[in-house]
Amino acid sequence: MILLASFLVVVMLVGAVAACIFRDLISAVIAAALVSLIAAILFYFLQAPDVAMAEAAIGAALTAAIFIIAISRTKRHEQ
């Protein structure tokens, strides 16, 4: 269990750094959604399924969808 949680934390950190480094905004939003999804998985492992469901629904899905819709209505790449 500790090994899996440690792996998820490392993947979460890599995703957070990737979200900061990516220049394409859609890629950055997907990386941020991945971080939120991994946080939801960690909450589930910590015996907090209600918090995990809220994090997955709001943090990963809804926020990412709103950002993707907003970005799709603007220019995606720097000029």
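Being over 13 Å from the mean Cα position of the chain (by Cα) and either within 21 Å of Val17 (Cβ to Cβ) or free of Cβ contacts under 8 Å to residues at least 40 places away in the same chain (or both) is the filter here, so list the residues in the range 34-51 that pass it.
Just the residues of the range 34-51 that are over 13 Å from the mean Cα position of the chain (by Cα), to begin with: 43-51.
Phe43, Tyr44, Leu46, Gln47, Ala48, Pro49, Asp50, Val51 - these are the residues of the range 34-51 that are over 13 Å from the mean Cα position of the chain (by Cα) and either within 21 Å of Val17 (Cβ to Cβ) or free of Cβ contacts under 8 Å to residues at least 40 places away in the same chain (or both).
Yes or no: Val9 without any contact (Cβ under 8 Å) to a residue 12 or more places away in the chain and on the phi < 0 side of the Ramachandran plot? Working first, answer last.
Details: without any contact (Cβ under 8 Å) to a residue 12 or more places away in the chain: no; on the phi < 0 side of the Ramachandran plot: yes.
The answer is no for Val9.
Within the range 29-79, which residues are in a helix (DSSP H, G or I), of a type in the set (Asp, Glu) and surrounded by fewer than 18 Cβ atoms within 10 Å (Cβ to Cβ)? Reasoning before the result, please.
Of the residues in the range 29-79, the ones in a helix (DSSP H, G or I) are 29-45, 49-72.
Checking which are of a type in the set (Asp, Glu) leaves us with 50, 55.
Once the filter is applied, which keeps residues that are in a helix (DSSP H, G or I), of a type in the set (Asp, Glu) and surrounded by fewer than 18 Cβ atoms within 10 Å (Cβ to Cβ), the range 29-79 yields only Asp50.
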Practice item. Could you please let me know if Ile30 is in contact (Cβ under 8 Å) with a residue 24 or more places away in the chain and out of contact with any strand residue (DSSP E or B) (no Cβ under 6 Å at 6 or more places or on another chain)? Key: yes
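Confirm whether Ile66 is of a type outside the set (Asp, Glu) and touching a Lys or Arg at 6+ places or on another chain (Cβ under 8 Å).
Numbers: of a type outside the set (Asp, Glu): yes; touching a Lys or Arg at 6+ places or on another chain (Cβ under 8 Å): no.
No, not satisfied.
Every number here is computed from the coordinates shown, using simple stated rules; none is lab data. Note that the structure is predicted; figures quoted are calculated from it, not measured. Neighbour counts run over all protein chains shown; Cβ positions are idealised from the backbone, glycine included.
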